[in-house]
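Okay, so here's the structure we're looking at.
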Amino acid sequence: MSTLNGMPGPTSRVFFSQRLRLHYVDWGNPEAPPLLLVHGGRDHCRNWDWVAQALRQDWHVICPDLRGHGDSQWSPDGNYSMAAYIYDLAQLIHQQALAPVTIVAHSLGGNICLRYAGIYPEMVRKLVAIEGLGPSPKMIAERGQKTMAQRMRDWVDEQRKLSGRGARKYPTIEDAFRRMQEENKHLSAEQARHLTQQGVNQNEDGTYSWKFDNYVRAWAPYDMSYEDIEKLWTEIACPTLLVYGKESWASNPQKDGRLRHFRNAKVVEFDNAGHWVHHDRLTDFVQTTKEFIA
């Protein structure tokens, strides 16, 4: 157990879902109400460490690694469907008896949790989703112009490419750290170093590679229809906060019309923040979140 700011760090735990051994960290304080922090694609559960430390006094904080990410097992067939991610989340909440649970989730994690909250409205108490609504209506419309045959061909081509692509190897942890800094210009050196140390494994030859399975990069050729996803958003019963960074590529749902599908949601936009609002504006994000989930 590592120590952060003089406090003991989180404990690693395991649960099983569809025969996969999935990992999560538990920040203690089991008497407090449960709070799930769910990371995004190609990320890992320790990306929440700063947020978890700020909230652990008042909450029982649990941060899962999605399948194929962090210290969770990789899907043996390289398939990562939305249905599977939702099942894993449902299993964690069910097995640990966390409901009604409060959730803070980022990007892919936000997408998973928003759908879960529409499927099981009674299970979620409050939800904060950082850029979790998925592709903008414009991108969805462009995607919709492709036939199923074309989407399947693209997917087969992408799978073939990924099957021939080994994990990228970095000679030293410093090289991986520099790559992390390139990926998000807002990160402090300290943040980037921590995220790198928690996000890599050392290979047998001494090099370092990111922990996630390369196959998580591939988008499944089919998913719920966009109408079905919008319908799930209308089913969400809990107060919902949709967080956006003004410098992000993500489309703001207040401006693109998607907010109308929510019964009880509001959008908050942060200046000087990209896609990782919880890193880029940590103090303000924590304050906003604390007030909202209280």
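What follows draws every value from the coordinates through simple rules; no lab data is involved. Bear in mind the structure is a predicted one, so any value in this text is a computation, not a measurement. Here Cβ is always computed from backbone atoms with ideal geometry, including for glycine, and neighbour counts include all displayed protein chains.
Just the isolated ones, please: cysteines in the chain lacking another cysteine beta carbon under 4.7 angstrom. Flagged as lacking a Cys partner: C113, C238.
The equivalent ellipsoid that matches the C-alpha gyration tensor of the chain spans semi-axes of 26, 26, 20 angstrom, in descending order.
Across all directions, the average flat footprint of the convex hull enclosing the Cα atoms of the stretch 114-185 is 8.9 nm².
What order do you get for L22, L92 when you list them from fewest to most C-beta neighbours inside 10 Å?
On the way: L22 23, L92 19.
The most exposed by this proxy come first: L92, L22.
Under 25 Å of direct C-alpha separation, and excluding same-chain neighbours fewer than eight residues apart, K138 reaches these lysines: K146, K231, K246, K255, K266.
Seen from N214, the other residues with C-beta closer than 10 Å to its C-beta sum to a net charge of +4, counting Lys and Arg as +1 and Asp and Glu as -1. For the stretch 150-280, a Kirkwood radius taken over Cα pairs fed into Stokes-Einstein (4 °C, viscosity 1.567 mPa s) yields D = 72 µm²/s.
Which helices count as membrane-span-like in the chain under these terms: full DSSP H, at least 18 Å along the axis by C-alpha, Kyte-Doolittle mean of -0.5 or more? Qualifying helices, which must be both long enough and hydrophobic enough, are 82-95.
Along the axis of the charge dipole computed for the stretch 1-104 (Cβ charges of +1 for Lys and Arg, -1 for Asp and Glu, origin at the Cα centre), the listed residues L35, A84, P8 are led at the positive end by A84. Shape index of the stretch 40-196: Rg/Rh, with Rg the Cα radius of gyration and Rh the Kirkwood radius from the inverse mean 1/r over Cα pairs, equals 0.99.
The distance from the alpha carbon centre of the stretch 76-98 to that of the stretch 226-277 is 23 Å, rounded to a whole number.
Using only the C-alpha atoms, the convex hull of the stretch 1-67 corresponds to 88 Å³ per residue.
Arranged from fewest to most other beta-carbon atoms within 10 Å of their beta carbon, I119, I103 become I119, I103.
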